[in-house]
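The next block holds one structure in the form of structure tokens; read it before the comments.
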Amino acid sequence: MIYLDNNATTRVAPEVFAAMRPFLTEAYGNPSSAHSLGQRMKAAVERAREQVAELIGTAHASEIVFTSCGSESDNWAIGGFLEQNPTRRHIITTRVEHEAVRNLCAHLEKIGCEVTWLGVNENGELNLDDLHQALRRDTAIVSVMLANNETGVLFPIDEIGKIVRENSDAVFHVDGVQAVGKIPIDLKNSEVDLFALSGHKLHAPQGVGALYIREGLKLSPFIIGGGQEFGRRAGTSAVPNIVGLGAACELAKNVDGHDRIEHLRNKLEDEILRTIPNARLNGTPDRARRLPNTANISFEYVEGENILVQLDEAGICVSTGSACHSTTHESSPTLQAMNVPYTAARGSIRFSLGRYNTEAEIDQTLKVLPEIIGKLVEMSPYDEELKALYANRAQL
Amino acid sequence: MRVDAGLAAEQFSNLKNVGEAATPNFTGRSASFACGAVARVSLHIDDAQRIDDAKFKVAGCTVLVAALSVLTEQVKNKTTAEAAVLAEDLETIESGLGPEAADRGDCVLLASEALLEAIRAYSDSARDQWDGDDALICTCFGVSERTIENEIQTKHLNSIASVTRACNAGAGCRSCYPLIEEILEEVNGK
């Protein structure tokens with residue numbers, strides 16, 4: 001199997017599993033217990049906290065709180081701050097956030113908050129003047145993702161943080177789920193107040209995430225109960241998963257692999273765009289402003305689901321921005337916000353690479369893809385449009 | 001969403017009849033506002049009103065693609081009347097595609113509509129070109145205007161459904177529905 005769906009989830013790294021293993025077998029204590037087994041667990045959790053803190057460059061490890069997933073972190077950050085500050089009900093976010101933020105803000109809008117939704121241009125980039133103008137005295141929170149999960153487009157959080165800080169009292173929340181482990185992050189030198197991450201995107205297991213809470217910032221608890229996580233998040237710590245997340249962060253610090261992944265992504269992207277006439281890139285062509293592992297490509301006038309099924313049959317896992325649910329066909333809100341025409345949005349495929357992909361796998365993908373697209377082009381009822389595209393390409 | 005490996009997926013990997021039927025052919029299109037899928041069916045029909053070639057083109061989900069592949073295969077060597085009856089039997093088509101098509105009635109309907117539209121295009125053309133003494137109304141079942149008028153008069157019919165029951169007119173592709181309606185109004189003095 002060739003797994004090119006690493007933005008969806010990643011394989012647990014062997015190093016991560018090895019670190020977790022004792023905590024799934026002999027080390028089964030509760031870190032809240034006073035006995036020595038409990039204290040061993042507690043030490044493991046604190047070590048993991050330091051590993052996470054180091055990867056994302058926080059000033060203090062105590063600013064990291066473990067959660068169950070990225071969505072919990074996002075929900076807690078936004079919901080917890082609003083609860084703490086009941087007089088401030090204005091939120092600024094973008095149209096291209098992950099569902100964890102987008103659907104939460106849509107829900108908050110329904111129950112009385114005011115939400116300003118920032119749009120993006122056709123490259124998927126924000127206009128920072130829009131943000132500047134949207135900021136108000138009563139703006140409670142600005143929530144912007146660092147890397148888009150579908151296109152990999154990066155938002156300039158350093159710049160955004162400065163604008164937020166200089167022009168408002170709002171806190172700045174960043175959904176960093178898709179970026180952590182893929183690009184360097186240095187929170188202590190940024191204006192980020194809250195930062196969500198998820199373990200399974202960087203080779204830790206599913207079921208563990210973290211929220212960075214800048215020292216001094218108070219959030220109402222999201223889960224009420226015991227005094228775990230210094231009283232900030234109740235619930236018995238998921239020690240094996242937390243240890244896994246720590247080990248994954250340690251692993252991700254070694255950036256040697258990142259260049260290799262980027263090289264493979266570039267090869268895949270360049271070759272597809274060069275050889276397949278109805279292929280077009282979604283997201284800025286400026287690779288410095290995109291994640292190094294993601295290529296989101298639309299194959300115009302053909303169906304993404306068809307491509308996905310055929311690639312799957314060839315042993316290649318990808319994902320598509322077009323999801324058919326019997327009666328409604330939802331094309332991705334991100335691609336919609338980017339004004340991608342629906343005949344292209346329907347045929348969008350996200351290739352997301354990871355540390356275990358090899359050049360041979362990319363070559364194999366490049367070998368089977370043109371044939372699959374060719375078959376679907378032959379099947380497409382948009383004959384005239386495709387003929388024009390293919391004729392243009394032939395002339396070049 | 002991924003369609004689980006099953007009959008529809010199997011049809012998909014073993015597609016039949018992609019393309020354009022030999023000319024002159026008759027074409028039907030369908031499209032869904034809900035999902036944006038577009039389908040096109042083309043038929044080549046011989047002098048005995050038999051479909052000797054059926055092809056399709058489509059941009060849509062796997063279930064729709066599979067439905068078109070199956071449907072175009074099934075209507076080959078059938079008369080337009082037989083094909084129309086088959087296209088309207090959505091439940092049978094769905095069950096032939098396996099469980100993954102069970103809640104995808106809209107996709108199957110889209111396939112059936114494209115096929116019916118192609119048959120209607122043929123029927124309209126055959127009706128226009130008909131040079132018999134008596135105007136042809138239902139091309140699928142070869143029912144003339146005079147027959148329909150007689151049936152309405154003698155049996156006091158007042159609906160399309162009753163005309164269809166009496167003489168089969170309108171039992172196929174239904175392209176003659178407006179014409180039967182007109183005859184009903186004329187004969188019944190409306």
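The values are calculated or read from the model by the stated rules, or taken from the named source; none is laboratory data. Fair warning: this is a prediction, and the values are worked out from it, not measured in the lab. Neighbour counts are summed over all protein chains in view; Cβ atoms, including those assigned to glycine, are modelled from backbone coordinates with ideal geometry.
Below is a table of values for the structure above.
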{"quantity": "Count - residues of the range A:101-159 that are buried (at least 23 other Cβ atoms within 10 Å of the Cβ) and among the small types (Gly, Ala, Ser)", "calculated": "5"}
{"quantity": "Evaluation of B:Thr23 against (1) over 22 Å from B:Asp124 (Cβ atoms); (2) at pLDDT below 95 (one fails), failing number", "calculated": "(1)"}
{"quantity": "Failed condition for B:Glu20, given (1) within 14 Å of chain A (Cβ to nearest Cβ); (2) more than 22 Å from A:Gln310 (Cα to Cα); (3) in contact with a helix residue (DSSP H, G or I) (Cβ under 8 Å, 6 or more places away or on another chain)", "calculated": "(3)"}
{"quantity": "Subset of the range A:325-358 (residues that are at pLDDT 95 or above and basic (Lys, Arg))", "calculated": "A:Arg350"}
{"quantity": "The range A:285-321, residues that are away from chain B (no Cβ under 14 Å) and in contact with a strand residue (DSSP E or B) (Cβ under 6 Å, 6 or more places away or on another chain)", "calculated": "A:Arg289, A:Arg290, A:Leu291, A:Asn293, A:Thr294, A:Ala295, A:Asn296, A:Ile297"}
{"quantity": "Residue match in the range A:262-270 (condition: under 21 Å from A:Pro381 (Cβ atoms), of a type outside the set (A, V, I, L, M) and either surrounded by 20 or more Cβ atoms within 10 Å (Cβ to Cβ) or modelled with pLDDT of 95 or more (or both))", "calculated": "no"}
{"quantity": "Options A:Ala204, A:Ala210: the member that is in a strand (DSSP E or B) and touching a residue at least 40 places away in the same chain (Cβ under 8 Å)", "calculated": "A:Ala210"}
{"quantity": "Qualifying position, being within 13 Å of chain A (Cβ to nearest Cβ) and either surrounded by 24 or more Cβ atoms within 10 Å (Cβ to Cβ) or of a type in the set (Phe, Trp, Tyr) (or both), among B:Ala66, B:Ala84", "calculated": "B:Ala66"}
{"quantity": "Selection count where residues are within 14 Å of another protein chain (Cβ to nearest Cβ), of a type outside the set (D, E, K, R) and under 13 Å from A:Glu300 (Cα atoms), scope the range A:337-388", "calculated": "18"}
{"quantity": "Among the residues listed as B:Gln11, B:Gln49, the single one being at positive phi and of a type outside the set (A, V, I, L, M)", "calculated": "B:Gln49"}
{"quantity": "Selected residue (criterion: nearest to the other protein chains (Cβ to nearest Cβ)) from residues of the range B:38-61 that are over 19 Å from A:Glu385 (Cβ atoms) and touching a Cys at 6+ places or on another chain (Cβ under 9 Å)", "calculated": "B:Cys61"}
{"quantity": "The range B:105-134 residues that are within 14 Å of chain A (Cβ to nearest Cβ) and at pLDDT below 95, paired with ones that are assigned to a helix (DSSP H, G or I) and surrounded by fewer than 18 Cβ atoms within 10 Å (Cβ to Cβ) (beta carbon under 7 Å, 6 or more apart)", "calculated": "B:Gly105/B:Leu90; B:Val108/B:Leu90; B:Leu109/B:Leu90"}
{"quantity": "Candidate set: the range B:23-37, residues that are within 21 Å of B:Leu97 (Cα to Cα) and surrounded by 18 or more Cβ atoms within 10 Å (Cβ to Cβ); chosen: the one farthest from the other protein chains (Cβ to nearest Cβ)", "calculated": "B:Ser30"}
